[in-house]
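The values are calculated or read from the model by the stated rules, or taken from the named source; none is laboratory data. Just so it is clear, the structure is predicted and the values come from calculations on it, not from any experiment. Positions of Cβ are backbone-derived with ideal geometry, glycine not excepted, and every protein chain shown enters the neighbour counts. Just the protein is used for accessible areas: all its heavy atoms, side chains included, with ligands, DNA and RNA removed. Shrake-Rupley method; radii C 1.70, N 1.55, O 1.52, S 1.80 Å.
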Amino acid sequence: MWRSLVLTRRCISTSTSTSKPLSLGWFDHVKPAPKDPIIGVTEAFLADPSPNKINLGGAYRDDEGKPVVLQCVRDAESKITGSEFLESISAGVSSRFVEESVELIYGKNSDVMKERRFAGLQALSGTGACRLFAEFQRHFHHDVPIFLPDPTWSNHHNIWRDAQVPVRTYRYYHHDSKGLNFGAFMDDIKNAPEGSFFLLHPCAHNPTGIDPTDEQWREISNQFMVNHHFPFFDMAYQGFASGDLEKDAKAIRIFLEDGHIIGCAQSFAKNMGLYGHRVGCLSVLAKDQKQAMIVRSQLQRLARAMYSSPPIHGVLLVSTILSDPLLKAEWIEELKVMADRIRSMRASLFDHLEKLNSPHNWDHIVKQVGMFCYSGLNYEQIDQLARDFHIYMTRDGRISMAGVTTRNVSYLAEAMHQVSSYDPQCQ
């Protein structure tokens, strides 16, 4: 037996040593991915040693240019330590978080809440909520396209493309007026195949900062009903457009009043400053509670395969704030302060450009809303701003107004004036 075992081992050893070695070129065909436009801006900014550099592509900052941790978040943090933290987990904090989140967008006393016609799930911020819905769409409406606004947040294209959902666009921005191209928008809704999915920004459109009026939203909602389209809202900036949570949910409420079945992705990265915690919620409405439970079961199955379960700490912070009347009031006040700062920086930038006797009309800076300003600057001018003035923004001309401060606004205006004064067609 031992002789047989030795011979077997020799055979194995010989076979292994003489066999053809495994190829090391498994990934030789993989090419570098294109840089994310927003991440690329931050990388270029960080690599620049200039003391005058400005990052206009990033997240919310205070007037000193520093990241903000809201006081309501600090107060919530102090309430969830130790045994209270463990008790909250066992009590089902994720379910409470979903309940409180959907109340923000649909309204506490809405029929949706009373009839329990929503399927909600905690998600990995707004990006994760969009990706989860894209997977849901692929599984149950795999051949139906989704129409994205042109322009939109660049990652929207990545999300639905990688979910293998057909992606189309609808016209949104009017380059000459730097406002909403409402006529073209409505035409594209009418001409889209019946029963298409549409992604909508309910407030503070990214990147243009241009939102339809309430009356325009009503016309959009009516046309969606006529064409049997499905509206999917990406609510990334509730509170940032107006400083009022209810007002910023108005578009969604209009669609609810008209009887639509809708979906919504929510993020608390911006309005609570929880970028690193990945706190989001996906909700999908249904015709009744039974159907909502079925939809939720499918969303849970998809989420289980994608990320199993989301992190708990950030959602516990949000749930604590939303469920505590004092903390929620504190959050609403802080949110208004952030929105007011953005508006004041818009006014200041506009005023500085006016004082420089710019040959261009910069009214769109103060007419647009939310965290972003669609400047109208072209590629050459954006490159010149980075090269000569150490000012960084995405190449579509989107300015994050959170990067503008009382200290740098004059320098920014002077730089914008210089790069745009030589070309009357720059905008």
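Quick notes
- Looking only at region 380-411, and only at residues there that are out of contact with any His (no Cβ under 9 Å at 6 or more places or on another chain) and hydroxyl-bearing (Ser, Thr, Tyr), the one that is farthest from residue 34 (Cα to Cα): 406
- In region 128-172, the residue that is most open to solvent (accessible area, probe 1.4 Å) out of those that are part of a strand (DSSP E or B) and of a type in the set (Phe, Trp, Tyr) is 147.
- Residues (out of contact with any Ser or Thr (no Cβ under 7 Å at 6 or more places or on another chain) and assigned to a strand (DSSP E or B)) located in region 274-295: 282, 283, 284, 285
- Complete set of residues in region 36-72 that are under 24 Å from residue 237 (Cβ atoms), assigned to a loop (DSSP other than H, G, I, E, B) and either free of Cβ contacts under 8 Å to residues at least 12 places away in the same chain or over 21 Å from the mean Cα position of the chain (by Cα) (or both): 63, 64, 65, 66
- Qualifying residue in region 350-370 (condition: open to solvent by 20 Å² or more (accessible area, probe 1.4 Å) and touching a strand residue (DSSP E or B) at 6+ places or on another chain (Cβ under 8 Å)): yes
- Test result for residue 382, outside any helix (DSSP H, G or I) and open to solvent by less than 10 Å² (accessible area, probe 1.4 Å): no
- With respect to the conditions (1) modelled with pLDDT of 90 or more; (2) open to solvent by 50 Å² or more (accessible area, probe 1.4 Å); (3) farther than 30 Å from residue 382 by Cα, residue 47 falls short on a single one, namely (3).
- Test: residue in region 186-201 that is assigned by the TED database to the domain that holds residue 104, at positive phi and modelled with pLDDT under 95: no
- Qualifying residue in region 7-21 (condition: open to solvent by 100 Å² or more (accessible area, probe 1.4 Å) and either closer than 25 Å to residue 279 by Cβ or at pLDDT 90 or above (or both)): no
- Among the residues of region 274-287, those identified as crowded, with 19+ Cβ neighbours inside 10 Å and either under 11 Å from the mean Cα position of the chain (by Cα) or not polar (S, T, N, Q) (or both) are 274, 277, 278, 279, 280, 281, 282, 284, 285, 286.
- Residue ID - most open to solvent (accessible area, probe 1.4 Å), chosen from residues in region 296-336 that are closer than 26 Å to residue 111 by Cβ and more than 23 Å from the chain's Cα centre (by Cα): 325
- Enumerated helices (runs of 4 or more DSSP H) restricted to region 180-273, each holding at least 3 residues that are open to solvent by 30 Å² or more (accessible area, probe 1.4 Å) and in contact with a helix residue (DSSP H, G or I) (Cβ under 7 Å, 6 or more places away or on another chain): 214-227
- Residue in region 213-231 that is assigned by the TED database to the domain that holds residue 157, modelled with pLDDT of 95 or more and within 19 Å of residue 343 (Cβ to Cβ) present: yes
- Screening residue 347 on (1) touching a helix residue (DSSP H, G or I) at 6+ places or on another chain (Cβ under 8 Å); (2) surrounded by fewer than 18 Cβ atoms within 10 Å (Cβ to Cβ); (3) not polar (S, T, N, Q); (4) not in a helix (DSSP H, G or I) shows it passes everything except condition (4).
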